[in-house]
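Readers should treat all values here as calculations from the given coordinates under stated rules, not as data from a laboratory. Since the structure is predicted, the reported quantities are computational estimates derived from the model, not experimental observations. Don't worry about glycine lacking a Cβ; one is built from the backbone with ideal geometry, like all the others, and counts go over all protein chains shown.
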Amino acid sequence: MGRPTLFEAAGGAPAMLTLATDFHARCLADPLLEHPFSHVDNPDHVRHLADYWGEVLGGPPVFSQRHGGHTAMLRIHANQCDEDPFSARFREVFDEAVASTLPEDPELRRALHDYMTVAAGEVSAVFPTTAAVAEGLPMPRWSWSGPAA
Ligand code: HEM
């Protein structure tokens, strides 16, 4: 029998919320990432982040049903800056949050690290002021072996 989804292996929706909460606190405490996040005054941010990651990792489609899906996520980040000072540090802080909150499972950690490498690259690609984000992009899905078909 195959392994459960990454979402289930991580601990499901409660684990996503714990991960997003820890990650967000780390961003606010980080000298570089504090800057973009300090301008955010949205109390739902952490829950939306948990919903987004949960759906990508094989959980229920909460983000696409309630928050506009992948296109909406990319549009939040689009056209912010022509340089990208953030994504490398964003990935490091994500790895730290995973290590501090999720099960000590090297395969899980590797899969999440690989996912975030791709996801941060995709977000970074829409930072430039000239970037466009297409309508109706499908939510990415990530599995133990990379992007799910
Ligand atoms: C690369 C560096 C990144 C920076 C600096 C960054 C920063 C931010 C900021 C400032 C917001 C606005 C929050 C708000 O207005 O509520 C936001 C929202 C969001 N970000 Fe990022 N982000 C980055 C990458 C990513 C990546 C790679 C993902 C997904 C894998 C992601 C997922 C989200 C989601 C789902 C939201 C929406 C939350 C909501 O609907 O309230 N971000 N991000």
Give the shape of the stretch 90-149 as rounded, prolate or oblate, defined through the alpha-carbon gyration tensor: a ≥ b ≥ c are the square roots of its eigenvalues, a/c under 1.5 means rounded, and otherwise the shape is prolate if a/b is larger than b/c and oblate if not. oblate
Among Leu108, Thr71, His24, whose Cα sits farthest toward the positive end of the charge dipole of the stretch 6-135 (+1 at Cβ of Lys/Arg, -1 at Cβ of Asp/Glu, about the Cα centre)? Thr71
For the stretch 50-91, what is the charge dipole size about the Cα centre, in debye to the nearest 20, if Lys and Arg each add +1 at the Cβ and Asp and Glu each add -1 at the Cβ? 120
Over the chain, with a single point scatterer placed on each C-alpha, what log10 of the ratio I(q)/I(0) does the Debye formula yield at q = 0.10, 0.14 1/Å? -0.32, -0.66
Given R₀ = 22 Å, FRET efficiency for Asn79-Arg141 by Cβ-Cβ distance, to 0.05? 0.25
I'd like the orientation of helix 12-28 relative to the chain: the angle between its Cα long axis and the longest Cα principal axis, in ° from 0 to 90, rounded to 10. 40
Sorted by chain and number, the residues with a modelled amide H under 5 Å from that of Ser143, at a separation of 5 or more or across chains, are Ala148
Percent relative contact order for the chain, counting Cα pairs under 8 Å at least six residues apart, stands at 32
Under a point-charge model restricted to the Cβ atoms of Lys and Arg (+1) and Asp and Glu (-1), what is the dipole moment magnitude of the stretch 6-135 relative to its Cα centre, in debye to the nearest 20? 200
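Between Ala99 and Thr71, what FRET efficiency follows from the Cβ-Cβ distance if R0 is 30 Å, with the result rounded to 0.05?
Efficiency for this residue pair is about 0.45.
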If R₀ is 35 angstrom, what is the calculated FRET efficiency for the pair Arg3 and Glu122, using the beta carbon separation as r and rounding to 0.05? 0.90
Taking only the alpha-carbon positions of the stretch 28-68 and ignoring solvent, what does the Debye formula give for the base-10 log of I(q)/I(0) at q = 0.15, 0.19, 0.34 Å⁻¹? -0.45, -0.64, -1.05
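Can you quote the Å³ per residue value for the convex hull of the Cα atoms in the stretch 21-106, rounded to an integer?
Roughly 111 Å³ of hull volume per residue.
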